[in-house]
Structures are given as C-alpha cells and as structure tokens.
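Colleague: Sharing a structure, written as structure tokens. Questions coming.
The values are calculated or read from the model by the stated rules, or taken from the named source; none is laboratory data. All figures in this text were calculated on a predicted structure; none of them were measured in a lab. We place every Cβ from the backbone using ideal geometry, glycine too, and count neighbours over all the protein chains shown.
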Amino acid sequence: MYDVIIIGSGPAGLTAAIYTTRANLKTLVIAGGKWGGQLMLTTEVDNFPGFPEGIQGPDLMQNMRKQAERFGAEFVDEDFDGGDFSPSAHSTGSGQAGSGQAGKSFKVKAAGKDYSGKSIIIATGADTKWLDVSGEKEKIGRGVSSCAPCDAFFFKNKKVIVVGGGDSAMEEAIVLANFAESVTVIYRGEILRASQIMQNKAKKNPKIKFIFNTVVTKVLGEEKVTGVELKNNKTNEISKMDIDGVFVAIGHIPNSMKFKGIDLDEKGYIKVQDHTRTNIDGVFVAGDVHDSYYRQAVTAAGFGCAAALEADSYLRGQE
Ligand code: NDP
C-alpha cells in the first residue's frame, strides 16, 4: 500500500514525487512506457529557472527523476491502464465501499498489475495535437515546435509559420513576431476562431500575415525544416513556401480518459476544485491534464508541488 500513487512523470508528476517523498510518504510513480512527458521531445529548454545556459529537455527530466529517486520514490515504467475512482469503487478500512471514512484506498492498474494507494495524484499531461502530415514528426525540435515561448528565440530573423486559428495561434504568432523576420498564420477556415482582442493584436502587428482556407500538407526539409507544402482547400491549388519554422497551435488533447469517476470539463480537462482537488476526496490533479491555459513546464512543476502538499495534508487528516 502506497501513501501516494502519482500517475504521470512529466514536470508535474516528478515535482509532486520530490515533495511527497520528502514528506516521508511512500510514493509510487506510474511513469509510462515512454516516461518524462512532452519535454522528452524537445531539445534546448531556455525558460526553466535555474539553468542560465539552458538545458536539454530530456536532461532536465532525467535530473528531476534522479532527484525524486534520491528521496525514495519508486517508479514503474509502464503505461497506466486505468483506474475507477468513483465512490463505489474505493475500498475503505472499515470495509464499507464508498463510505469516505479513514483508511480509504484506490486501486490503479499498470501493465496488468494492480497497485493500491491511499491517495492519488493525476499528472498525465496533455499531448500536443499535431498536424499528422509527412515530414512533421521527425522534425519536432528541428524546426517544428508547439511552444513559441520556449523556442521563438531560435528563430531570430527567420521566417516562420503558425498553424491554427484560435487564441493559441494568435499568441504564438505575437510571441514569434518579437524574434522572427516574418510570421505567417496558416488557417484552414475563413473566420478566425480566436477572440477579437487576440485577433486585433495579431492583425495590427506588421510582421504577422494571414493565409486563409489553407492547410499544410507536407513539412519539407531533410535535417531541418526548409519549407512547407500548402493546399488551398477552396481551389485545391498546391503551393510551396520557404520557411525555417512551423509552429503548430491547433489545440491539445488532455490525457484524462482513463479515470473513471473523475469529473472533466467540456474540453476533456480534469475539473479542479479548490486548488488541486478533484471531485473525489483523496484524488488530486496537477499540470497540463487540468491546465489548458499556461501549459509550461515550470507551471506544471508548481502544480505538482501544490498537489503533493494537498495530498500530504489530506493524509494527515485521515490519520
Ligand atoms: P482552439 O481549439 O481554440 O483552436 C484550435 C484551432 O486549430 C482552430 O482554429 C481549429 O480550426 C484549428 N485546427 C484544429 N485542428 C486542426 C487541423 N487538424 N488542421 C488545421 N487546423 C486545425 O485551441 P487553442 O489552443 O487555440 O485554445 C484552447 C483554449 O485556450 C481556448 O479556450 C482559448 O481561448 C484558450 N487560450 C486563451 C488564450 C488567451 O486568452 N490569451 C491564449 C491561448 C489559449 P477551426 O477553427 O476550423 O476549428
């Protein structure tokens, strides 16, 4: 029986593990077959405090994991299969399922094996929605990005595109315009989905241009991005554009589907009540699986810390 089971091993999960182990709570991290989260897919991380020369994303995650392991966190490098957190599924010390009494525990599964914990921290993150076109995946970190605040600096005086028509796309374009020579927003529709205020900000920036009714059909280049192939979805005309960077801002997919009994909002993010609590007492949440707004490694780490403190205080209340 673990005091805390943390599901997910990005900055939120690993920071939570550092805090729970330091609070002397027996901690298991269900890290996933591909542990480490989105930062494992990036190269240089220049905006995580404490690294004046920057740090490679995978190195940062390795450091966080080592730090959690130093204090005794146990890891299962297997994918989380799911868990039923609905009140009727909890077991309790008194044997009364769902009574909410002291001794409550939760059962979760990873690679077919059951694990029990007195509390749970869900930190499964969100996945960037990618375009899924040829040449894209292999150039992530080599010209393809989904985070302008992280990577805009590398596109100083270069030509970039942003794909999408929502607030994220506008925000990415505005951030990029501080560095890039030109920013072109490629939008599949005709009327941007972004809020008027964000559209206006982007539209009045002289570096930002828009191409409507157009999709990216290929990302071009061998080692790094050198251009894109575009298709006008009204005329079916195919064209090529020489650019150095592709910023994909077409939304995110929160990894929230395997938690039975946990309330989600209309976009599938876990609903937070009162800081990091979910609707189920003893189940906490941290990071991009609930935060559709900031989505930064450092904010996820902050949420991980908060969830760990809340779990600790919950467990002390159960004693
Ligand atoms: P949204 O879902 O709002 O927008 C996604 C955009 O990507 C849409 O324009 C959509 O097109 C387009 N799109 C989706 N799939 C594809 C595809 N396969 N190919 C091409 N284009 C595609 O996501 P955001 O990340 O922009 O925003 C998420 C939430 O966060 C929103 O509620 C937003 O308001 C909020 N937010 C607020 C900010 C702020 O206020 N400063 C900043 C950033 C986000 P279509 O329109 O045709 O569906």
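Colleague: Take residue 304 and tell me if it is surrounded by 14 or more Cβ atoms within 10 Å (Cβ to Cβ), at pLDDT 95 or above, within 21 Å of the chain's Cα centre (by Cα) and part of a loop (DSSP other than H, G, I, E, B).
Modeller: Numbers: surrounded by 14 or more Cβ atoms within 10 Å (Cβ to Cβ): yes; at pLDDT 95 or above: yes; within 21 Å of the chain's Cα centre (by Cα): yes; part of a loop (DSSP other than H, G, I, E, B): no.
Here the answer is no, as residue 304 does not meet what is asked.
Colleague: Still on this structure, please answer the following. Considering segment 130-157 alone, what residues qualify as being assigned to a loop (DSSP other than H, G, I, E, B) and either touching a strand residue (DSSP E or B) at 6+ places or on another chain (Cβ under 6 Å) or hydrophobic (A, V, I, L, M, F, W, C) (or both)?
Modeller: The answer is 130, 131, 133, 135, 136, 143, 146, 147.
Colleague: Still on this structure, please answer the following. Quick check, is residue 307 touching a residue at least 12 places away in the same chain (Cβ under 8 Å), within 24 Å of residue 167 (Cβ to Cβ) and among the small types (Gly, Ala, Ser)?
Modeller: On the way: touching a residue at least 12 places away in the same chain (Cβ under 8 Å): yes; within 24 Å of residue 167 (Cβ to Cβ): no; among the small types (Gly, Ala, Ser): yes.
In short, no.
Colleague: Listed residues 180, 202; which is in a loop (DSSP other than H, G, I, E, B) and either over 24 Å from the mean Cα position of the chain (by Cα) or of a type in the set (S, T, N, Q) (or both)? Lay out the reasoning, then the answer.
Modeller: Working: 202 fails: in a loop (DSSP other than H, G, I, E, B).
Among 180, 202, only 180 is in a loop (DSSP other than H, G, I, E, B) and either over 24 Å from the mean Cα position of the chain (by Cα) or of a type in the set (S, T, N, Q) (or both).
Colleague: Can you tell me how many residues in segment 226-245 are closer than 17 Å to residue 173 by Cβ and either surrounded by fewer than 17 Cβ atoms within 10 Å (Cβ to Cβ) or more than 12 Å from the ligand (Cβ to nearest atom) (or both)? First the steps, then the outcome.
Modeller: Within segment 226-245, the first condition is being closer than 17 Å to residue 173 by Cβ, and the residues that meet it are 228, 230, 241, 243-245.
If we keep only those that are either surrounded by fewer than 17 Cβ atoms within 10 Å (Cβ to Cβ) or more than 12 Å from the ligand (Cβ to nearest atom) (or both) too, we end up with 228, 241, 243-245.
Of the residues in segment 226-245, 5 are closer than 17 Å to residue 173 by Cβ and either surrounded by fewer than 17 Cβ atoms within 10 Å (Cβ to Cβ) or more than 12 Å from the ligand (Cβ to nearest atom) (or both).
Colleague: Looking at 83, 125, which one is at pLDDT 95 or above, in contact with a helix residue (DSSP H, G or I) (Cβ under 9 Å, 6 or more places away or on another chain), more than 19 Å from residue 318 (Cα to Cα) and not charged (D, E, K, R)?
Modeller: Working: 83 fails: at pLDDT 95 or above.
Only one candidate passes the filter, namely 125.
Colleague: Hey, among 183, 163, which residue is more than 8 Å from the ligand (Cβ to nearest atom) and crowded, with 22+ Cβ neighbours inside 10 Å?
Modeller: Details: 163 fails: more than 8 Å from the ligand (Cβ to nearest atom).
None of the other options fit; the residue is 183.
Colleague: Can you name the residue in segment 191-225 that is within 9 Å of the ligand (Cβ to nearest atom) and farther than 18 Å from residue 144 by Cα and is also surrounded by the most Cβ atoms within 10 Å (Cβ to Cβ) among such residues?
Modeller: 194
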